[in-house]
Amino acid sequence: MSLDWTTLTDGELATLSIAGREAAFAEIMRRHRQSIFRMVRACVGEADEALDLLQETFVAAHQALPRYDGERSMRAWLSTIAINKCRDWGRKRTVRRFLAFAAPIGPEAEAIADDQVAIDDATGDRQELDRVTRAISGLPTALKESLVLRTIEGLSQAETADALGISEKAVETRLYRARRTLADRLGVSGRSTLA
């Protein structure tokens, strides 16, 4: 008789995964990969980078699984790991940008760049989505993380606070500031759809 992985809780899957059942961790990934990807994509603003960070998140989660508290939300725990990966990526990106200014880019680098716009970016809806995604990824880290976890990924205020290691009141304040900043950047007046 084989287990129906879909009927098990995240805590049970974590226990089985620690015991060596690879299919248990595969089920954890199946359940949470889309939401974690969306969160990471919103934080970094680049789909290719988000895929790499998603992989890094699940590798780190697999290694840290013995420290997972089965009473805690798996989604919030994975979100914490993903947020840390995004922060690391942001620090590395800052260093790369600094080094790019320090060493001039030669003509060979320009030959590598692809100036063509992707076909799916041609539609108005896609362009608007890209504009909003860029605006979100350009928010200060504290505001962006709270907005992505709470508003986009739908974590509760308590789960968001847990994932970020802050109080629920701090989450509320950061959400307010993030929405105001986005509304200003996007030229939205009044109550926006980001609420």
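Summary of computed values
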{"quantity": "Spin-label pair residue 4/residue 84, simplified geometry with 7 Å Cα→Cβ offset, distance in nm", "calculated": "3.5 nm"}
{"quantity": "Solvent-accessible surface ranking, highest first, for 22, 49, 56 at 1.4 angstrom", "calculated": "22, 56, 49"}
{"quantity": "Apportionment of accessible area to carbon and sulfur, segment 1-96, percent (1.4 Å)", "calculated": "51 percent"}
{"quantity": "Rounded to the nearest 10 Å², the accessible area of residue 62 at probe 1.4 Å", "calculated": "90 Å²"}
{"quantity": "Sequence of 85, 169 from largest to smallest accessible area, 1.4 Å probe", "calculated": "169, 85"}
{"quantity": "Point-to-point label distance, residue 52-residue 12, nm (Cα→Cβ direction, 7 Å offset)", "calculated": "3.8 nm"}
{"quantity": "Segment 1-84, accessible area per residue, ligands and nucleic acids excluded (1.4 Å, Å²)", "calculated": "53 Å²"}
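The values are calculated or read from the model by the stated rules, or taken from the named source; none is laboratory data. All figures in this text were calculated on a predicted structure; none of them were measured in a lab. Don't worry about glycine lacking a Cβ; one is built from the backbone with ideal geometry, like all the others, and counts go over all protein chains shown. All accessible areas refer to the heavy atoms of the entire protein, side chains included, with ligands and DNA or RNA removed. Shrake-Rupley method; radii C 1.70, N 1.55, O 1.52, S 1.80 Å.
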